[in-house]
Amino acid sequence: MKTVVLGISVASLLFATVGVGWRFRHDLELAGASASVGSRVVSTPCGPIEVQQAGQGIPLLMIHGSGGGHDQGMAWARPLTKQGVQVIAMSRFGYLRTPRPTDASPEAQADAHVCLLDALGIEKAAVMGVSAGGPSAMQTAIRHPDRVSALVLLVPIAFKPGDVNHSAPPVSDKKDALLLRLLASDFLFWSALHVARDSLMRHVLATPP
């Protein structure tokens with residue numbers, strides 16, 4: 001009897017593992033297909049960069065955060081196309097179809113932003129950086145001020161001088177390590193979305209569910 005129960009348990013576990021693996025791969029393929037809709041990869045002197053464009057008017061380079069690529073940027077900025085804005089949403093280094101170079105610093109990414117503008121024939125653009133897109137947005141304005149008509153920062157990750165009081169409690173080393181591991185693993189992030197969606201949104205994406 002014990003052998004039968006054990007066999008059923010093992011078979012159930014194997015079935016569940018196969019099912020989870022299939023669902024993960026399926027969801028990942030769907031997400032990849034969805035994220036590539038409307039975008040193209042542009043060759044620039046700084047390497048290939050994925051970009052999606054919409055609207056006509058004032059050029060706006062939209063720099064996304066850590067939760068997505070050009071698709072996230074376009075989701076943020078598309079409503080502006082109704083206000084006479086041409087949205088240029090790109091994927092930063094290592095996101096979606098933009099490869100990650102050896103030097104993926106905010107300074108190098110800022111130079112790549114300008115390479116993209118050059119490739120698109122745009123002389124000057126407003127630059128909007130969201131969250132983790134903030135550092136390279138700021139570096140674009142610092143390093144290439146003649147190419148930036150305006151700088152907009154939304155909840156940016158930015159340097160804070162040591163003499164400025166904390167507006168939020170510091171993150172523990174353990175939580176910081178967990179956040180980095182979640183962001184580095186498609187499977188862990190996908191699992192968290194299914195098991196603890198609200199906690200993921202609150203603690204990893206810093207967004208009230």
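What number of residues within region 191-202 satisfy the criterion of being open to solvent by 60 Å² or more (accessible area, probe 1.4 Å) and under 17 Å from ALA132 (Cα atoms)?
Selection size over region 191-202: 1.
Based on this model, can you work out whether LEU188 counts as at pLDDT 80 or above, in a helix (DSSP H, G or I) and open to solvent by 60 Å² or more (accessible area, probe 1.4 Å)? Steps first, answer last, please.
On the way: at pLDDT 80 or above: yes; in a helix (DSSP H, G or I): yes; open to solvent by 60 Å² or more (accessible area, probe 1.4 Å): yes.
When the stated conditions are applied, LEU188 passes them.
Count, please, the residues in region 75-90 that happen to be modelled with pLDDT of 95 or more, under 19 Å from the mean Cα position of the chain (by Cα) and crowded, with 19+ Cβ neighbours inside 10 Å.
Final tally of qualifying residues: 5.
Going by the conditions given, is SER172 among the hydroxyl-bearing types (Ser, Thr, Tyr) and touching a residue at least 12 places away in the same chain (Cβ under 8 Å)?
Working: among the hydroxyl-bearing types (Ser, Thr, Tyr): yes; touching a residue at least 12 places away in the same chain (Cβ under 8 Å): no.
Here the answer is no, as SER172 does not meet what is asked.
Return the only residue of SER136, SER185 being among the polar types (S, T, N, Q) and in contact (Cβ under 8 Å) with a residue 60 or more places away in the chain. Talk me through it step by step, then tell me what you get.
Numbers: SER185 fails: in contact (Cβ under 8 Å) with a residue 60 or more places away in the chain.
On inspection, the qualifying residue turns out to be SER136.
Given SER105, SER136, SER131, which one is among the hydroxyl-bearing types (Ser, Thr, Tyr) and buried (at least 22 other Cβ atoms within 10 Å of the Cβ)?
Details: SER105 fails: buried (at least 22 other Cβ atoms within 10 Å of the Cβ); SER131 fails: buried (at least 22 other Cβ atoms within 10 Å of the Cβ).
After applying the criteria, what remains is SER136.
Of the residues that make up region 46-56, is at least one over 26 Å from MET201 (Cα atoms), in contact with an Asp or Glu (Cβ under 7 Å, 6 or more places away or on another chain), surrounded by fewer than 22 Cβ atoms within 10 Å (Cβ to Cβ) and at pLDDT 95 or above?
yes
Of the residues ARG181, ARG143, ARG147, which is among the basic types (Lys, Arg) and open to solvent by less than 40 Å² (accessible area, probe 1.4 Å)? Give the derivation first.
Working: ARG181 fails: open to solvent by less than 40 Å² (accessible area, probe 1.4 Å); ARG143 fails: open to solvent by less than 40 Å² (accessible area, probe 1.4 Å).
Only one candidate passes the filter, namely ARG147.
Going by the conditions given, is GLY38 modelled with pLDDT of 90 or more and part of a loop (DSSP other than H, G, I, E, B)? Spell out the reasoning first.
On the way: modelled with pLDDT of 90 or more: yes; part of a loop (DSSP other than H, G, I, E, B): yes.
In short, yes.
The values are calculated or read from the model by the stated rules, or taken from the named source; none is laboratory data. Nothing here was measured: the structure is a model prediction, and the numbers come from that model. Don't worry about glycine lacking a Cβ; one is built from the backbone with ideal geometry, like all the others, and counts go over all protein chains shown. Quick note on the areas: whole protein, heavy atoms, side chains included, nothing else; ligands and nucleic acids left out. Shrake-Rupley method; radii C 1.70, N 1.55, O 1.52, S 1.80 Å.
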